[in-house]
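Have a look at the structure below, then the notes.
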C-alpha cells in the first residue's frame, strides 16, 4: 500500500500517537494533511515540517485524499469520517497504519499497561546509538530524540503497541516486549480475562523466529509465560528472571545497580532516573540489545546517557534543596504508587505534595478503590476533578469519588479542589521550602506546575 506516494489524511492528528506516524509517513515521501479540534505544540511542529493542519473538522478537508487514518478517540459521527465513507476512501485505524509501516521493516513492539513509552524510547535510543539507524514511533516525546518519532534507514522499527482498544493485534513483530499486564481500559475490555486473552493473541503474532521479552515480576506475565509455548526471555528483580538487577541504590535522579544474566554478573548499570520501574525498563532494553547482539558494555554506556521522556517525572523547576516541581503522566493507581515510591526512595526527608487529576470517568469509576491506597507515600494530596478525554460524564462519578476513597484509607492530608483555577492559590499557601510538588495525570494538570514555577 505504501509503495505508491499517497495523500494521507489524519483525523485527530494532534494526538501523540497519530502525529508520530504522520511524521514517519511524511519522511517516506507521502503528502500528509490532518485535522484536530484545536492547535497545539504538536500541530505547530507538523506544520513546520510541511504538514497541512486544519483546526476543526469539515468535509472539505478530505478533498483529493487517497487514504484516511483515524484515532480511536474519533467518533463515527465525525463529518470527515462520514464523507470518507460516502466517497469510499479507504480508512485505517492508527494501529493498522502502524502495521503497514512495520510490514516493510522488522518490528520491535513494546506493549504493556505501564512503562511502554519510556521503554520504547529507551530501546529506540539504544539502537540509534549503536548504528542500527532505526525508525522509532513513541507515545510521548523522547528527550534524546526531541520528538515522538524518528525515521531511520535501518531495518528495524521500534514502536509502542497500544493495547487500549485491542488494535495492537494488528501488529506482527519480530520481538515483542511486554512490560506488565494490569486492569486498565476496562471500558473496552470489561474484565481482566479479556485483557489477558488479547495479550495471549498478541504473543501468538510474534514471528516464528522471533522472541517475547517479558517482565517476570508481573503475575499476569507469569501466567502468559507458563500457559503458552512461546520463545521467551524474562527480566525483573526476581531471581527467576533471565536478566536480573540487584544491589539497587537510588540518589535523587540517579540509580546504580548490578545486572545479572542467569545469575552471572554482566556488569554495573547507572541510570539518570529514579525508581524500580525505570530499572525494569532498562532491563527490557538490555534484553532487546543482547538479542540483537549488542555488547553489554555498549548497552550500559548508552543507557547511562538516556534522558527519559517528557511528562515522566519531568523536572519543571528545581533550586537546590528548595522547592522542586515535577510533572508525571501517571493516571493509573499502579503508576501513582511507583512514582511516589521513587520519590520517597530518592528523597527520604522531603515532603511530597501531589496534585492529581483523574483521567476519564470510566477509569475513575472502575478503579476508584485502588486509587484509595495509591497515595500512601504522599504527605499531602490535592484531588482535582476528572479530565474527561471526551468521555460522557457518569452519574455520581467525579474527582470526589477518589477523594472519598483516599479518606477511607485514613490519609488525613487530602483535599478535593474541583476547579483547577483554585489549586494554585491553595499551593501558594501550603508549599514550604524543601517541598517536592508533583502534578499527576494524563490531562492538562501539568499547567499548574508551570504556573507555580513562575510564581516562586
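Values quoted throughout were computed directly from the atomic coordinates according to the rules given, and no laboratory measurement underlies them. What you are looking at is a predicted structure, and each value in this text was computed from that prediction instead of being measured. Virtual Cβ from ideal backbone geometry, glycine too; neighbours counted across all protein chains shown.
How high is the FRET efficiency between residue 258 and residue 433 when r is their beta carbon distance and R₀ equals 41 Å, given to the nearest 0.05?
Here the calculated transfer efficiency is 0.65.
Please give the FRET efficiency for residue 297 paired with residue 91, using the beta carbon to beta carbon distance and R0 = 41 Å, rounded to the nearest 0.05.
Result of the calculation: an efficiency of 0.30.
For the stretch 7-93, state the average projected area of the convex hull of the C-alpha atoms over all orientations, rounded to one decimal in nm².
Projected over every direction and averaged, the Cα hull of the stretch 7-93 covers 4.8 nm².
In nm, give the distance between the simple-model label positions of residue 350 and residue 404, each being 7 Å from the Cα along the Cα-to-Cβ direction.
Result: 3.5 nm between the two label points.
Give the peptides 89-98, 388-397 in descending order of average Cβ contacts within 10 Å, highest first.
Final packing ranking: 89-98, 388-397.
Find how many whole Å separate the alpha carbon centroid of the stretch 336-386 from the alpha carbon centroid of the stretch 184-230.
Between the Cα centre of the stretch 184-230 and that of the stretch 336-386, the gap is 27 Å.
Kindly state, as a whole number, the per residue volume in cubic angstrom of the convex hull around the alpha carbon atoms of the stretch 105-304.
Convex hull of Cα atoms, per residue: 112 Å³.
At a 10 angstrom cut-off on C-beta neighbours, averaged per residue, how do the peptides 194-206, 4-16 rank from highest to lowest?
4-16, 194-206
Gain in length, residue 455 to residue 272, computed as 0.36 nm per residue apart minus the alpha-carbon separation, to one decimal in nm?
63.1 nm
What ranking, highest mean first, results for peptides 67-76, 207-216 when packing means the other Cβ atoms within 10 Å averaged over each residue?
For the peptides 67-76, 207-216, the packing ranking is 207-216, 67-76.
Multiply the residue separation of residue 204 and residue 37 by 0.36 nm, subtract the distance between their alpha-carbon atoms, and state the gained length in nm to one decimal.
The residue 204-residue 37 span can extend by a further 56.4 nm.
Roughly how far apart, in whole Å, are the Cα centres of the stretch 398-456 and the stretch 107-136?
33 Å
Given labels modelled 7 Å from the Cα in the Cβ direction, how far is it in nm from residue 44 to residue 392?
Going by the 7 Å Cα→Cβ label model, 3.6 nm.
To the nearest whole percent, what portion of all C-alpha pairs in the stretch 1-45 is separated by more than 15 angstrom?
More than 15 Å apart: 37 percent of the Cα pairs in the stretch 1-45.
Counting other beta carbons within 10 Å of each residue's own, what order do 328, 217 fall into, fewest first?
Lowest to highest Cβ neighbour count: 217, 328.
Please report Rg (one decimal) and Dmax (integer) in Å for the Cα set of the stretch 301-428.
Computed over the Cα atoms of the stretch 301-428, radius of gyration and Dmax are 15.3, 52 Å.
Given just the C-alpha atoms of the chain, how large is their convex hull per residue in cubic angstrom?
Hull volume normalised by residue count: 146 Å³.
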